[in-house]
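Undergrad: So that we are looking at the same thing, I have put the structure below in structure tokens.
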Amino acid sequence: MPSRYWRLDGFGGVDLLRADASTHRYARHSHEGYALGVVEAGAHAFAAHGEVWTAIPGRVVIVNPDVAHDGGPVTHDGGYSYRMLYVDGAVLTAAIDEAAGRRVATPFFPHAVVSDATLADRLSQLHRVLEHPEARLERETLLLPEAVRRLQRDAVHEPAGDVLRNLEYGATRSREEFKFCPQRFVCEPIAKNVRV
């Protein structure tokens with residue numbers, strides 16, 4: 001099956017991507033919301049937060065909003081299969097608030113790859129269920145709450161000032177990377193992702 005990207009009907013603020021045996025390499029970019037993903041076969045490598053991360057089956061990719069990153073298969077001649085959920089920040093925060101039974105600060109995930117086979121399995125199951133609108137009850141009662149609870153464990157719930165400092169740190173990293181390797185950024189539209 002080739003790559004497929006779609007907006008979820010009846011579940012606002014969530015977009016889905018599925019790719020099988022992908023060899024595509026993504027240029028540096030960012031997302032307005034959270035990018036949550038699982039690799040089902042092969043290995044995915046990407047640069048974010050000034051580090052190179054590798055995701056394999058059993059690990060979860062979690063990219064915070066507005067964090068510049070790239071991505072592709074680990075090897076130049078290999079491919080990988082993966083599923084991504086792109087979740088609006090307000091939607092994820094509301095889901096975590098509900099799971100916690102109280103209002104929490106905006107979640108910030110300090111690690112772009114988390115080794116959690118159970119969470120990876122739940123996100124993969126959730127993605128599969130979201131492909132089938134008729135399974136709404138299953139996604140809302142079984143999979144979504146468990147996935148949100150497990151995500152909540154990996155998040156750092158910081159006061160707004162700390163989140164802003166982290167975003168500023170990311171912008172500083174991007175400026176430093178630009179100074180270090182300007183040719184990577186000449187043709188890439190990252191200016192919108194760097195707040196000065």
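Undergrad: Starting from residues that are among the β-branched types (V, I, T) and touching a Phe, Trp or Tyr at 6+ places or on another chain (Cβ under 7 Å), keep the ones in region 76-117 and report whichever is farthest from T23 (Cα to Cα).
TA: The extreme case among them is V87.
Undergrad: Tell me which of these A95 doesn't satisfy, since it passes every other one: (1) at pLDDT 95 or above; (2) within 23 Å of D116 (Cα to Cα); (3) out of contact with any strand residue (DSSP E or B) (no Cβ under 7 Å at 6 or more places or on another chain).
TA: For A95, the failing item is (1).
Undergrad: Say we look at region 102-116 and pick out the residues that are free of Cβ contacts under 8 Å to residues at least 60 places away in the same chain and of a type in the set (G, A, S); which of these is farthest from A47 (Cα to Cα)?
TA: So the residue we want is A105.
Undergrad: Let me ask you something else. Name the pairs whose Cβ atoms lie under 9 Å apart, with the first residue in region 60-84 and closer than 17 Å to E32 by Cβ and in contact (Cβ under 8 Å) with a residue 24 or more places away in the chain, the second among the acidic types (D, E) and part of a strand (DSSP E or B), and 6 or more positions between them or separate chains?
TA: These pairs meet every condition: M84/D15.
Undergrad: Now a separate question. Could you please let me know if V60 is of a type in the set (A, V, I, L, M), out of contact with any Leu (no Cβ under 6 Å at 6 or more places or on another chain) and either within 17 Å of D116 (Cα to Cα) or surrounded by 20 or more Cβ atoms within 10 Å (Cβ to Cβ) (or both)?
TA: no
Undergrad: Just one of (1) crowded, with 17+ Cβ neighbours inside 10 Å; (2) among the aromatic types (F, W, Y); (3) more than 21 Å from A117 (Cα to Cα) trips up F46, so point out which.
TA: Exception for F46: condition (3).
The values are calculated or read from the model by the stated rules, or taken from the named source; none is laboratory data. All of these numbers come straight from a predicted model, not from anything done at the bench. No Cβ is skipped: glycine too gets one built from the backbone with ideal geometry, and neighbour counts run over all protein chains shown.
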